[in-house]
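The values are calculated or read from the model by the stated rules, or taken from the named source; none is laboratory data. Just so it is clear, the model here is predicted, and its values are computed rather than measured. Because the Cβ atoms are built from the backbone with ideal geometry, glycine has one as well, and the counts that use them run over all protein chains shown.
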Amino acid sequence: MKKTLLFFLFSLILFSCYSFAIGIGPPRNDIDFIPNLKTDLSYIVVNNQGTPLSVEIYAKGDLSQYMTLSKTSAFLSPSSDTSFTVHIELPANISPGLHDNRIGVMESTGGQGGTVGAKAGVESFLYINAPYTGKYIIVSLKTNNTKIGTPAIMYFEIQNIGAIDVDQVLVSVDIFYPNGSKATSLLSDSSSLKAGTKAVFVLNWTPTSRGRYTISAKITYDENTKDISGEFLAGDIFVGIGNIVVNDFSPGQIARVSVELQSEWNDRLDGVWAEVRIPINSSAITGESRTISLDPYETSATDVYMDTKGLTLGSYNATAIVHFANRTNEKAFIFTVREGVRSDNLQLIIIIVAVLLVIALLGWVVWKRKKGKQKVAKSSQS
């Protein structure tokens, strides 16, 4: 297993070194589609290493069948280069969008002496962009998390990548509360959008309660529509309490209570700490955590240590309290005391196990010595 891993790492390093040893330029070409376009692109291949190199040259991609290479292989002396051209003859029509093609160079020889060498290669990007013949837009949505009482701003960037101008673009938005009910509907002003241009539509709305809001938007451009969705958080100076976990302990021991804290504020909160209370008759057993800080919308756990002296077996109604920014939030939970291993019994068990291990070790040593003496005796007899 270790040999296989070492071989893999060695091969990876060797391949990386070889990749830098071969170069191709330019690294990228972009072509805008024109029906029946004929053009030639020039490339250069460089051998950066100090040994001769044979390479194969290729084209790949969904339009590679329309490309002809002036050469498909080459031999390069140490630290030399060679050039070639790619002749392109595009058809009258291709599907709209960005077509990703590559012009590549690959080492064509293996290692010498029957060994297998790393086969390196590099590629140059060749993008052919075909515009949409009709009306076509692409949309992106960016939103910001906000505070209660502060507007949430929605940025709709709309780009017309079609070949025809759009006379009217309109953005309609539905915003939903965290519980799924509709909070409001918004409508933008209309605007035209020429082919090959883009515009940003800005809408805003002020939330009145904290939580995660959902955005459902429809962009209408002339007789066409496109949908997009998003979300934003509306925060308040509030820290929620999530999972509460009590570790295993025996009656009378110190119990560790892990309290998960969830900030719903879009700013840093310092001086946050948790408290646990277990009422007993007219008094209560309490414990406090250390003070921590919570980043915006962060969830983090803090530990509260409770002295369980005075608690008998059974379940108790307990309360976890988080303190933050001169405010508090509470969550009830059940604190259960179960029969466990007493600490003095635990120590006795540890001592017994240790003694048994020592006895077993001494027995093994005696057996080894006895076996060694028997081997020596047999050797002397022979």
* Asked: So which residues in the stretch 139-176 are within 27 Å of the chain's Cα centre (by Cα) and part of a loop (DSSP other than H, G, I, E, B)?
  -> N144, N145
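Among the residues that make up the stretch 318-340, is at least one of them modelled with pLDDT under 75 and either farther than 30 Å from Q253 by Cβ or under 48 Å from the mean Cα position of the chain (by Cα) (or both)? Before the answer, list the steps.
First pass over the stretch 318-340, keeping only residues modelled with pLDDT under 75: 340.
So of that shortlist, the ones also either farther than 30 Å from Q253 by Cβ or under 48 Å from the mean Cα position of the chain (by Cα) (or both) come out as 340.
Yes, the stretch 318-340 has at least one match.
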* Starting from residues that are outside any strand (DSSP E or B) and within 36 Å of the chain's Cα centre (by Cα), keep the ones in the stretch 34-73 and report whichever is nearest to V105 (Cα to Cα). => S64
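Taking the stretch 247-271 on its own, how many of its residues are β-branched (V, I, T) and buried (at least 20 other Cβ atoms within 10 Å of the Cβ)? Give the steps one after another, and end with the answer.
Restricting attention to the stretch 247-271, the residues satisfying the condition of being β-branched (V, I, T) are 254, 257, 259.
So of that shortlist, the ones also buried (at least 20 other Cβ atoms within 10 Å of the Cβ) come out as 257, 259.
Looking only at that region, the number is 2.
Checking the structure you have, find out if any residue of the stretch 229-251 is under 30 Å from P131 (Cα atoms) and at pLDDT 95 or above. Walk me through how you get there before you give the answer.
Within the stretch 229-251, the subset under 30 Å from P131 (Cα atoms) is 229-230.
With the extra rule that they be at pLDDT 95 or above, the set shrinks to 229-230.
Yes, the conditions are met somewhere in the stretch 229-251.
Could you tell me whether any residue of the stretch 134-141 is surrounded by fewer than 16 Cβ atoms within 10 Å (Cβ to Cβ) and β-branched (V, I, T)?
Just the residues of the stretch 134-141 that are surrounded by fewer than 16 Cβ atoms within 10 Å (Cβ to Cβ), to begin with: 134, 138, 140.
Then keep just the ones that are β-branched (V, I, T); that gives 138.
Yes, the stretch 134-141 contains at least one residue that is surrounded by fewer than 16 Cβ atoms within 10 Å (Cβ to Cβ) and β-branched (V, I, T).
Going through G230, G235 one at a time, which residue ends up being farther than 30 Å from N160 by Cα and not aliphatic (A, V, I, L, M)? Full working, then the answer.
Details: G230 fails: farther than 30 Å from N160 by Cα.
Sole residue among the options that is farther than 30 Å from N160 by Cα and not aliphatic (A, V, I, L, M): G235.
May I ask you to say which residue of S258, S250, S315, S229 is in the same structural domain as A183 (by TED's automatic domain parsing) and either in a strand (DSSP E or B) or in contact (Cβ under 8 Å) with a residue 12 or more places away in the chain (or both)? Show your work before the answer.
On the way: S258 fails: in the same structural domain as A183 (by TED's automatic domain parsing); S250 fails: in the same structural domain as A183 (by TED's automatic domain parsing); S315 fails: in the same structural domain as A183 (by TED's automatic domain parsing).
Exactly one of S258, S250, S315, S229 is in the same structural domain as A183 (by TED's automatic domain parsing) and either in a strand (DSSP E or B) or in contact (Cβ under 8 Å) with a residue 12 or more places away in the chain (or both), namely S229.
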* Which residues, taken from the stretch 74-90, are in a loop (DSSP other than H, G, I, E, B) and modelled with pLDDT under 95? -> S77, P78, S79, S80
* If a residue has to be closer than 13 Å to Q49 by Cα and of a type outside the set (D, E) to count, how many in the stretch 76-85 make the cut? -> 5
* **Scope the stretch 164-182; condition buried (at least 16 other Cβ atoms within 10 Å of the Cβ), farther than 25 Å from S209 by Cβ and of a type in the set (V, I, T); matching residues** => V166, V169
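Just give me the residues in the stretch 91-104 being in a strand (DSSP E or B) and not aliphatic (A, V, I, L, M), in sequence order.
Kept after step one, since they are in a strand (DSSP E or B), are these residues of the stretch 91-104: 97-104.
Correct list: G97, H99, D100, N101, R102, G104.
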* Any residue in the stretch 112-124 that is in contact with a strand residue (DSSP E or B) (Cβ under 6 Å, 6 or more places away or on another chain), modelled with pLDDT of 90 or more, surrounded by 16 or more Cβ atoms within 10 Å (Cβ to Cβ) and among the hydrophobic types (A, V, I, L, M, F, W, C)? -> yes
